[in-house]
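Here's the structure we're looking at; comments come further down.
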Amino acid sequence: MENKLQELTEKIYAEGVDKANKEAQQIIDNARAEVEKMQEKAREDAGQIIEKAKKEAEEIKKNVNSEVKLSARQAINTIKQQITGLVTAKATGENIKEAFKEKEFLQKIIEVAVKNWDPKSGKTMDVAVLLPEKDKKELDDYFNKKQKALLDAGLEIRFDDSVVAGFKIGPKDGSYQISFTDEDFENFFKNYIRPRTKELLYPEEK
């Protein structure tokens, strides 16, 4: 009887231990599986974060490169414009100022401007020319001797200290005036030759 009780006790104990071991192993297996899932999820999340970071870094790099290229192009264009402006100014500035110092050149321009002011007006002229005061004697003599027909037709010649070089032309009532000074011609020729100057300096941009 005692032997059977001992056997039953040992059997119950063994079954309990076995069950406990199985449950413990199951818990361990479940824990390991959960850890593996968490690790896999962490790896996936890390991969996504890294991929996202790479894309963002690439986008930033792309934007920075675009900005650098744009800034470089703008800087180069600015430098080219400045060089073109310097060359143009050198080619026109002094040459035009020298030309306006020549009285024959100035007289010819005035003559052309006056004769083309209002070619349909007939024999009378409603035009006044404003000239440099410092050139009064020489220009007075020129018009009185060589362009008397224009004076007889109504051309008025006026002199003013405000005109340093060149001349201004307009109706006698002074309602408006068109300026033909050395600076006006310089600006005109700069605009005229600047494109050609740029072509000569930078032929690759054609």
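The values are calculated or read from the model by the stated rules, or taken from the named source; none is laboratory data. Here the structure is a predicted model, which is why all the values come from computation and not from measurement. Note that we place each Cβ from the backbone using ideal geometry, even for glycine, and neighbour counts take in every protein chain shown.
Matching residues to (1) within 20 Å of Asp184 (Cα to Cα); (2) of a type in the set (A, V, I, L, M); (3) part of a strand (DSSP E or B); (4) touching a strand residue (DSSP E or B) at 6+ places or on another chain (Cβ under 9 Å):
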{"position": "Leu131", "(1), (2), (3), (4)": "yes, yes, yes, yes"}
{"position": "Lys134", "(1), (2), (3), (4)": "yes, no, no, yes"}
{"position": "Asp141", "(1), (2), (3), (4)": "no, no, no, no"}
{"position": "Lys145", "(1), (2), (3), (4)": "no, no, no, no"}
{"position": "Arg158", "(1), (2), (3), (4)": "yes, no, yes, yes"}
{"position": "Ile169", "(1), (2), (3), (4)": "yes, yes, yes, yes"}
{"position": "Lys172", "(1), (2), (3), (4)": "no, no, no, yes"}
Looking only at region 15-43, filter to residues that are more than 60 Å from the chain's Cα centre (by Cα) and of a type in the set (Lys, Arg); which one of those is modelled with the highest pLDDT? Arg32
